[in-house]
1. Can you tell me how many residues within region 149-191 are assigned to a loop (DSSP other than H, G, I, E, B) and within 30 Å of residue 71 (Cβ to Cβ)?
2. Could you list all residues from region 114-132 that are touching a strand residue (DSSP E or B) at 6+ places or on another chain (Cβ under 9 Å) and outside any helix (DSSP H, G or I)?
3. List the pairs whose first member sits in region 26-52 and is in the same structural domain as residue 7 (by TED's automatic domain parsing) and without any contact (Cβ under 8 Å) to a residue 40 or more places away in the chain, whose second member is assigned to a helix (DSSP H, G or I) and loosely packed, with under 12 Cβ neighbours inside 10 Å, and whose Cβ atoms are under 9 Å apart, counting only residues at least 6 apart or on separate chains?
4. Please go through region 37-53 and give me each residue that is over 18 Å from the mean Cα position of the chain (by Cα) and surrounded by 12 or more Cβ atoms within 10 Å (Cβ to Cβ), ordered by number.
């Protein structure tokens, strides 16, 4: 579990710079330059993510079961991950009403994904991984909304077409992941 813990600290730590201090992040970007900052940020993120994935895989080999969730939680998790994929699509599809309404769909996607997995699993590694992402998501969302208020950010209204594309893209991505990719990449087939 130590690789998982270190990976979480590194990955979520670098993604928390903006939560902790927007001014420090801006100052660091100005000192290093935009490209250097992004390069260092990316390398540290990838290193943390690699350790996190490795550590989670090792922890899954000898799971410490804390509880056994009821079967119905898997069904609820499927619905929540569907929502998470639609929110993720809303991050990237321009002109959708979902982003106009929630403002930070990527962070909401992470929170929804983490909650879904917490409900459907019951091992110590799952609790540590998804609980950490859920806590990070809550803190990140609060910080992002505070930044929006401080900076007076106004989000453009979305269109029906943009919203429809967002929903279709999210559902298709969710289906591909739920029925095939989750099993191929993670070794667990949630719907199949």
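The values are calculated or read from the model by the stated rules, or taken from the named source; none is laboratory data. Treat the numbers as computed from the prediction; the structure is a model and nothing was measured. Note: ideal-geometry Cβ built from the backbone for every residue, glycine included; neighbour counts use all protein chains shown.
1. The qualifying residues number 5.
2. To start, the set of residues in region 114-132 that are touching a strand residue (DSSP E or B) at 6+ places or on another chain (Cβ under 9 Å) comprises 122-124.
Across region 114-132, the qualifying residues are 122, 123.
3. 37/30; 37/31
4. So the first thing to find is which residues in region 37-53 are over 18 Å from the mean Cα position of the chain (by Cα), and the list is 37-40, 43.
37, 38, 39, 40, listed by residue number.
Residues are listed down the side, and each one gets a yes or a no for (1) touching a strand residue (DSSP E or B) at 6+ places or on another chain (Cβ under 7 Å); (2) surrounded by 16 or more Cβ atoms within 10 Å (Cβ to Cβ):
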{"site": "64", "(1), (2)": "yes, no"}
{"site": "84", "(1), (2)": "no, yes"}
{"site": "99", "(1), (2)": "no, yes"}
{"site": "134", "(1), (2)": "no, yes"}
{"site": "145", "(1), (2)": "no, no"}
{"site": "157", "(1), (2)": "no, no"}
{"site": "174", "(1), (2)": "no, yes"}
